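These notes concern the structure reproduced below.
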Amino acid sequence: MEKTIDLTLKVWRQRDRKAKGQFETYNVKGISTDSSFLEMLDVLNEQLINEGKEPVVFDHDCREGICGMCSLYINGHPHGPDSAITTCQLHMRKFKNGDTITIEPWRSAGFPVIRDLMVDRTAYDQIIAAGGYTSINVGGAQDANAVLIPKTDADEAMDAASCIGCGACVAACKNGSAMLFVSAKVSQLALLPQGRVEAARRARAMVAKMDELGFGNCTNTGACAAECPKSVSLSNIARLNREFIKAKLQD
Amino acid sequence: MSKLDSKIPAGPLAEKWTNYKATQKLVNPANKRRLDVIVVGTGLAGGAAAATLGELGFNVINFCIQDSPRRAHSIAAQGGINAAKNYQNDGDSVYRLFYDTIKGGDYRAREANVYRLAEVSNNIIDQCVAQGVPFAREYGGLLDNRSFGGAQVSRTFYAKGQTGQQLLLGAYSSLMRQVNKGKVDLRTRYEMLDVVIVDGRARGVIMRNLVTGGIERFAAHAVVIATGGYGNVFFLSTNAMASNGSAAVQCYRKGAYFANPAYAQIHPTCIPVHGEFQSKLTLMSESLRNDGRIWVPKKKEDAEAIRAGKLKPTQIKEEDRDYYLERRYPAFGNLVPRDVASRAAKERCDAGYGVGTGLAVYLDFSDAIKRLGRDAVEARYGNLFQMYEKIVDDNPYETPMMIYPASHYTMGGIWVDYELQTTIPGLFAIGEANFSDHGANRLGASALMQGLADGYFVLPYTIQNYLSDQIQVPRFSTDLPEFAEAEKAVKSRIDRLMAIKGKQSVDSLHKKLGRIMSDYVGMGRNKAGLEKALVEIDKIKKEFYSDLRIPGEAYALNVELEKALRLEDFIEIGKLMAIDALHREESCGGHFREEHQTEEGEAKRNDEQFMYVGCWEYKGEDQKPELHKEELNYEFIKVQQRNYKQ
Amino acid sequence: MWLTNSSIGRKVVMSVSGLFLVLFLTFHMCMNLALVFSPEAYNAICGFLGARWYTLALTAVLAAGFVVHIIFAFWLTLQNRKARGTDRYAVNVRPQGVEWSSQNMLVLGIIVILFLIIHMAQFWFKMQLNELANVCPDVNPHDGSYLVISEFKNWWMVALYLVWFVALWFHLTHGFWSALHTIGFNNNTWFNRWKVIGNVFATIICLGFAFVAVALYVQYGVLGWEVPQMAH
């Protein structure tokens, strides 16, 4: 019943941030089409270790599509050719026997390569640190049901909040823009009364940090939303623009 | 025995925590600035604790194994978080949540801790809503609830199928706010390799920088371990790839007692194993059991035909289906606690009624779709169904899902007292890393509750009781000989592994360990099997030290070395689990000894002999650990045989 | 100033200047339509505009709009290229649902500018500038219809302009909704509506221009009508 395929892999190998990287070509055989893409890379690594070579370094953790750790630019798509999933949920049945697969790291000035396919995404943390929160301390909260929130607002906030911070939006964007990521957080909190209080301050601070970190300018190509594993909507970017412009006009 | 002082405050159950808070020692704001706390881990417990300690004014150093605190494996919890809000007016209360948790834990948890957990559960929901966590709401704008296993009320708050993610992102945002304020020094891609003890107190940690491979020293007035559980000892589990029990083992080796290691939870609703390359198992939320019905064919020949691919599940007539949970447990039906559901699935499959590869049962939504309509089912579980379809390539709206139990959570962990302090002064353990609140089995939607309770509302109080007499202690230098020694030990450990230069990869050895663990220390355990497991684990240990291969350099980025260090500790934990399971001659919760079951195959506890927390003290490499017992005294509830039938 | 030192600010400048240019194009297209039906009417409009103070002021504003739009386009693109990092992807696929034009706005813009330069040399230089500074003494700056028709009699000139209109169409289809998106005037409901409105609008403008060019060619190039000329 189990179907297996043989593949040629072109994998980006880069020693560290400053080193020059290049593609290496590997062959893997007998990959079960039921296995995930990362399991296929596990097989490759096992093979490399057995040959006494250093395995390919890539980020991964939960392997169920929620932690946002896995990345990989596969055949021209962040998280591979399937839609609305992360690399760890990409299964080998999406590929054909004999295919050549090109695997690259996220390429963006904001995400420097650490080793091979592993990149540094701490810029995202810095953007959140700039304002992606409600400024409340533990202990001061009122009863959870004290403020009514329309279901539609809560649902829309949830859709924005489903961002996993993987960086696919930046990786997909020809401008290396982080607007979808920033707008998802700004939207989530702007839609909820709890976050509304400091919406202007948040939009200002997060955009300023995003710009400071060298992410590009959004030109609304929509590649980010098209490649987002959680289908975060482009309309969040319009909301961020609105929040930001409003904030600046108030200054 | 003096070390095992659980420090439970006096007084009636409902007043213990209030009394504790009223009489505990606090640290004034000026002094908080002079005190440093290390928090290892950034999940719900660690992230919440680091953020809250920062808010209070302590200087926090917070370590994260991933590239960002937002990735901790708390994020993967799908179903929800329990709280005793009684918003649904269905008779819930703090007492009932407490009672359900104690009962769900098969009367192996500490009453006072669990009551406190139930008490603060409501504050958690308030806190999270204030953070902007987008919990599901009803059209009227109020919070929605769903029901979960082991309870007869709807007390579970949820955010689609991503509750863990949303709660973690809430804690993460609070944490990043403190990072921005300079109160928390966040270090990502760091892994703990040892805890440093100075004059009998925990005063620092030795960390490996996973990017540079460098070994670094950090000092503080107290150390908090929030590194999660050790479920990956089974190799295949629902845990994340980096989830490990190493920090707990390091504490154990340095003298902290390890409690109830045998209590491991096997989650009933996971996607079954498909092949040998499989790296992890994917959990399907327990909330699916709200509307899904679990069954296997009634007739063995049907099951065989299905396995051979000759029959489809939809071709099995209603009367030929065995809804075994509804049959065996009429009162709770498909919503029995996890351990019960898991064992029942194993029992059916062992008896030859399994489907798929033989190790799977059906979770069927056709009734729910008929009753509620496809749209309503999609609104509730759409993302889970989509995930299932992506993995299995089967449409769960049309054919029933296949599920099988998998290692998921470990109730055991570092022993802590009521203050969440371990047997080493100044060393605290919170969240899944400690053993405290779930007894022998954890109820669904309670892990999130416990992690956040410890992080937001318990540790920030109790740690002050310890720190209050540390205000005169100046900052420690990491040049102390204790640090140098610990670093030397870590380096020699690394050098030892790098020098083996054998043939087998870490994963191949880990798989072998995992197979032994699931065969002998898994869902069903017996004396002979456990004894065999101990022998086999020792064999693997020998193989590990003689035939391990780690390519690359010791003091540079080296993923294989990271995994090897973790596996070394998993071997220790595996042994400890087997030892604990062997000594506990009873069945309770996640620990099922085949020798101890009722005629109907239910777990049979032995309260007279085993109503205690089994705490293990490290006695040196290859020495048998020493058992210490913390007796459990149930003052406030009547201990009963767990019954989910009526 | 946030309009220059923040990414969204710079994009707002692009959007507002772009929308302003769209307005200009709309006016220009309407004015051109007159030429097909009555060269005299067209000349009357030209005469009304000419080199009067208000036209010159408007021209200055328009020029500023162009300059700002162009400078910001290059500025943003340079920043974006820098943000992309040093290594490029070896394999790059345009994701489903992403318009080609949206990823090639600068290229389309450059095509538009190049034609714009030719266009200015053909007409503005000989009309408004000529009227002001008498740069082409042998051309009557007030006889717009003659100038235009003389050019569009040639099939290759018409073809050249049609290429321009196609580039312009692509530029506008993305530019229009994108501008509204950037100034925050969008949401899930209006997302597709704006795209449709933008496409319709861009099509009307470009078809209008193309109609004039083709009609003039048919009238004077194919049917051989006599080109009306104003007395010098």
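The values are calculated or read from the model by the stated rules, or taken from the named source; none is laboratory data. Here the structure is a predicted model, which is why all the values come from computation and not from measurement. Note that we place each Cβ from the backbone using ideal geometry, even for glycine, and neighbour counts take in every protein chain shown. Keep in mind that these areas ignore ligands, DNA and RNA; they rest on the heavy atoms of the full protein, side chains included. Shrake-Rupley method; radii C 1.70, N 1.55, O 1.52, S 1.80 Å.
Only one of the numbered conditions (1) open to solvent by less than 10 Å² (accessible area, probe 1.4 Å); (2) part of a loop (DSSP other than H, G, I, E, B); (3) closer than 30 Å to B:S342 by Cβ is not met by B:G141, and that is (3). Within region B:235-256, the residues that satisfy the criterion of being open to solvent by 10 Å² or more (accessible area, probe 1.4 Å) and either within 30 Å of B:E631 (Cβ to Cβ) or basic (K, R) (or both) are B:R253, B:K254, B:G255. Kindly provide the set of residues from region A:46-63 that are assigned to a helix (DSSP H, G or I) and either of a type in the set (F, W, Y) or open to solvent by less than 20 Å² (accessible area, probe 1.4 Å) (or both), ordered by number. A:L48, A:I49 - these are the residues of region A:46-63 that are assigned to a helix (DSSP H, G or I) and either of a type in the set (F, W, Y) or open to solvent by less than 20 Å² (accessible area, probe 1.4 Å) (or both). Checking every residue in region A:106-113 against the condition of being of a type in the set (A, V, I, L, M, F, W, C), in the same structural domain as A:V56 (by TED's automatic domain parsing) and out of contact with any strand residue (DSSP E or B) (no Cβ under 9 Å at 6 or more places or on another chain) gives at least one match.
A Cβ distance below 6 Å, combined with a sequence gap of six or more or placement on separate chains, defines the contacts here; from region B:590-616, residues that are part of a loop (DSSP other than H, G, I, E, B) reach residues that are surrounded by fewer than 14 Cβ atoms within 10 Å (Cβ to Cβ) in the pairs B:K604/B:T598. Look at region A:5-42 and say how many of its residues are touching a residue at least 60 places away in the same chain (Cβ under 8 Å), touching a Gly at 6+ places or on another chain (Cβ under 9 Å) and more than 12 Å from A:R115 (Cα to Cα). Residues that pass the stated criteria total 5. Might you let me know whether region A:224-240 holds any residue that is facing chain C (nearest Cβ under 7 Å), touching a His at 6+ places or on another chain (Cβ under 7 Å) and either farther than 20 Å from A:Y124 by Cβ or free of Cβ contacts under 8 Å to residues at least 12 places away in the same chain (or both)? Checked region A:224-240: at least one residue is facing chain C (nearest Cβ under 7 Å), touching a His at 6+ places or on another chain (Cβ under 7 Å) and either farther than 20 Å from A:Y124 by Cβ or free of Cβ contacts under 8 Å to residues at least 12 places away in the same chain (or both). For the criterion of being open to solvent by 10 Å² or more (accessible area, probe 1.4 Å) and closer than 30 Å to C:P39 by Cβ, C:L168 passes. Across region C:10-58, the qualifying residues are those that are of a type in the set (S, T, Y) and surrounded by fewer than 18 Cβ atoms within 10 Å (Cβ to Cβ), and the one among them that is nearest to C:P141 (Cα to Cα) is C:T55. Counting just the residues of region C:76-108 that are under 29 Å from C:N192 (Cα atoms) and touching a Lys or Arg at 6+ places or on another chain (Cβ under 8 Å), which one comes out farthest from the other protein chains (Cβ to nearest Cβ)? Among them, the one singled out is C:W100. Here A:F58 does not fit the description of being more than 30 Å from B:L186 (Cα to Cα) and either modelled with pLDDT of 95 or more or in the same structural domain as A:V186 (by TED's automatic domain parsing) (or both). If you go through region B:245-258 and keep only what is in a loop (DSSP other than H, G, I, E, B) and in contact with an Asp or Glu (Cβ under 7 Å, 6 or more places away or on another chain), you end up with B:G245, B:Y257. Of the helices (runs of 4 or more DSSP H) contained entirely in region A:131-222, those carrying at least 2 residues that are within 19 Å of the chain's Cα centre (by Cα) fall at A:151-161, A:168-172, A:179-191, A:199-212. Within region B:283-331, restricting attention to residues that are within 14 Å of chain A (Cβ to nearest Cβ) and more than 21 Å from B:L443 (Cβ to Cβ), the residue that is least open to solvent (accessible area, probe 1.4 Å) is B:I306. Can you find, within region A:204-215, the residue that is farthest from A:Y124 (Cα to Cα) among those that are open to solvent by less than 40 Å² (accessible area, probe 1.4 Å) and more than 9 Å from chain C (Cβ to nearest Cβ)? Applying the filter and picking the extreme gives A:A205. Restricting region A:159-199 to residues that are within 13 Å of chain C (Cβ to nearest Cβ) and β-branched (V, I, T) leaves a set whose member that is farthest from B:G161 (Cα to Cα) is A:V170. Evaluation of B:P272 against the conditions (1) at pLDDT 95 or above; (2) open to solvent by 10 Å² or more (accessible area, probe 1.4 Å) shows that the sole unmet condition is (1). Being within 20 Å of C:G208 (Cα to Cα), hydrophobic (A, V, I, L, M, F, W, C) and either more than 14 Å from the chain's Cα centre (by Cα) or in a helix (DSSP H, G or I) (or both) narrows it down to one of C:L172, C:L132, so name that one. Going through C:L172, C:L132 in turn, just one is within 20 Å of C:G208 (Cα to Cα), hydrophobic (A, V, I, L, M, F, W, C) and either more than 14 Å from the chain's Cα centre (by Cα) or in a helix (DSSP H, G or I) (or both): C:L172. Restricting the search to helices (runs of 4 or more DSSP H) fully inside region C:1-87 and requiring at least 2 residues that are basic (K, R) gives C:7-37, C:53-83. Taking B:L175 as the residue in question, decide whether it is more than 21 Å from the chain's Cα centre (by Cα), assigned to a helix (DSSP H, G or I), more than 7 Å from chain A (Cβ to nearest Cβ) and crowded, with 24+ Cβ neighbours inside 10 Å. Yes; evaluated as a whole, the condition is true for this residue. Does region B:478-514 hold any residues that are open to solvent by 40 Å² or more (accessible area, probe 1.4 Å), touching a residue at least 60 places away in the same chain (Cβ under 8 Å) and under 27 Å from the mean Cα position of the chain (by Cα), and which are they? Scanning region B:478-514 gives a single hit, B:K511. Quick one: is B:H583 more than 30 Å from A:V57 (Cβ to Cβ) and buried (at least 16 other Cβ atoms within 10 Å of the Cβ)? Taking the combined requirement at face value, the residue does not satisfy it. Condition first: open to solvent by less than 50 Å² (accessible area, probe 1.4 Å), part of a helix (DSSP H, G or I) and among the basic types (K, R). Now tell me which residues in region B:523-546 satisfy that. Within region B:523-546, just B:K541 meets the criteria.
Applying the condition of being buried (at least 22 other Cβ atoms within 10 Å of the Cβ) and among the small types (G, A, S) to region B:547-575 and asking which residue is nearest to the other protein chains (Cβ to nearest Cβ) yields B:A564. Looking across region B:156-166, the residues that are under 18 Å from B:N383 (Cα atoms) and more than 9 Å from every other protein chain (Cβ to nearest Cβ) come down to B:Y158, B:G161, B:T163. Within region C:57-75, being within 14 Å of another protein chain (Cβ to nearest Cβ) and in contact with a helix residue (DSSP H, G or I) (Cβ under 6 Å, 6 or more places away or on another chain) holds for C:H69, C:F72, C:A73. Exactly one residue out of B:L281, B:L311, B:L288 is in the same structural domain as B:E347 (by TED's automatic domain parsing), hydrophobic (A, V, I, L, M, F, W, C), free of Cβ contacts under 8 Å to residues at least 40 places away in the same chain and not in a strand (DSSP E or B): that is B:L311.
Of all residues in region C:93-113, at least one satisfies being in contact with a strand residue (DSSP E or B) (Cβ under 9 Å, 6 or more places away or on another chain), under 30 Å from A:G80 (Cβ atoms) and crowded, with 17+ Cβ neighbours inside 10 Å.
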